[in-house]
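Notes to accompany the following structure.
The values are calculated or read from the model by the stated rules, or taken from the named source; none is laboratory data. Not measured: the values here are computed from a predicted model. When we count neighbours, we look across all protein chains shown, and the Cβ atoms used for this are built from the backbone with ideal geometry, even at glycine.
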Amino acid sequence: MSFLILFPFVIQTLVIMIDEFYFHLRRGLPKWERLGHPLDTLTVLACFAFILFVPYSSFALKIYIAMAIFSCIFVTKDEFVHKECCPASEQWLHALLFLNHPVVLTAAGLIWPFTSRVGGPSWLCGIAPYAGMMQRFLLVQTGAIALFFLYQLIYWNLIWKDKVPE
């Protein structure tokens, strides 16, 4: 039952892949998106790297919460202009991502104390025997986010040639 906490990560991965490899490749990205999307990913990467490399404490948790809130707000920055270049179906997909974004960051934050061996919420105590597995899961997630960040920077800014109106 405690493995249900991983479900938001699966949803996030599936939805972001549809957004990237269906909608973005189909319409291309103007410069503001080619720069803005990697920055969005960087805010998520920072949150995951923080919980991976900083031991859990009440002070570290406050820093993580601030980083997560910043990320949740930051990723919405483009929606004012997306209405001009995105079909309604892509905007709906973005809405799913925005709903799931804080859920993923909360789930990662709930897993974090178990990976630091301090224990977490009692209703998640079933994770405790799997703390090592959860640590590896967070490591793989962080690696995947880092690779996606590099893909966004390299593909959209160095490889992609089709031009759309800026």
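Go through segment 4-18 and give me each residue that's in contact (Cβ under 8 Å) with a residue 60 or more places away in the chain and over 16 Å from V75 (Cα atoms).
Across segment 4-18, the qualifying residues are I5, L6, P8, F9, I11, I18.
How about segment 18-69: which of its residues are of a type in the set (S, T, N, Q) and surrounded by 18 or more Cβ atoms within 10 Å (Cβ to Cβ)?
Initially, segment 18-69 is screened for residues of a type in the set (S, T, N, Q), giving 41, 43, 57-58.
Those that are of a type in the set (S, T, N, Q) and surrounded by 18 or more Cβ atoms within 10 Å (Cβ to Cβ): T41, T43.
Condition check: under 19 Å from L139 (Cα atoms) and out of contact with any Asp or Glu (no Cβ under 7 Å at 6 or more places or on another chain). Does P87 satisfy that? Before the answer, list the steps.
Values: under 19 Å from L139 (Cα atoms): no; out of contact with any Asp or Glu (no Cβ under 7 Å at 6 or more places or on another chain): yes.
Spelling it out, it is not the case that P87 is under 19 Å from L139 (Cα atoms) and out of contact with any Asp or Glu (no Cβ under 7 Å at 6 or more places or on another chain).
Quickly run through segment 91-118 and pick out the residues that are buried (at least 16 other Cβ atoms within 10 Å of the Cβ), of a type in the set (S, T, N, Q) and at pLDDT below 95.
Hits for segment 91-118 are T115, S116.
Of all the residues that make up segment 55-113, how many are touching a Gly at 6+ places or on another chain (Cβ under 8 Å) and farther than 25 Å from Q135 by Cα? Let's see the steps before the verdict.
From segment 55-113, those touching a Gly at 6+ places or on another chain (Cβ under 8 Å) are 61, 64-65, 68, 77-78, 110-113; that's our starting set.
Checking the rest, the ones that are also farther than 25 Å from Q135 by Cα come to 77-78.
Result for segment 55-113: 2.
Select, from F3, F21, F9, the only residue that is over 18 Å from L105 (Cα atoms) and either modelled with pLDDT of 95 or more or aromatic (F, W, Y) (or both). Working first, answer last.
Working: F3 fails: over 18 Å from L105 (Cα atoms); F9 fails: over 18 Å from L105 (Cα atoms).
Of F3, F21, F9, the one residue that is over 18 Å from L105 (Cα atoms) and either modelled with pLDDT of 95 or more or aromatic (F, W, Y) (or both) is F21.
Tell me which helices (runs of 4 or more DSSP H) are completely within segment 19-130 and hold 3 or more residues being touching a residue at least 24 places away in the same chain (Cβ under 8 Å), or say none if there are none. Write out each step before concluding.
Values: elements: 31-53, 58-74, 79-85, 88-115.
Because the criterion is at least 3 residues that are touching a residue at least 24 places away in the same chain (Cβ under 8 Å), the helices (runs of 4 or more DSSP H) in segment 19-130 that meet it are 31-53, 58-74, 88-115.
Considering segment 52-68 alone, what residues qualify as being among the hydrophobic types (A, V, I, L, M, F, W, C) and touching a Cys at 6+ places or on another chain (Cβ under 9 Å)?
Within segment 52-68, M67, A68 meet the criteria.
Going by the structure shown, is I127 over 17 Å from L45 (Cβ atoms), surrounded by 13 or more Cβ atoms within 10 Å (Cβ to Cβ) and over 21 Å from the mean Cα position of the chain (by Cα)?
Yes: the conditions hold for I127.
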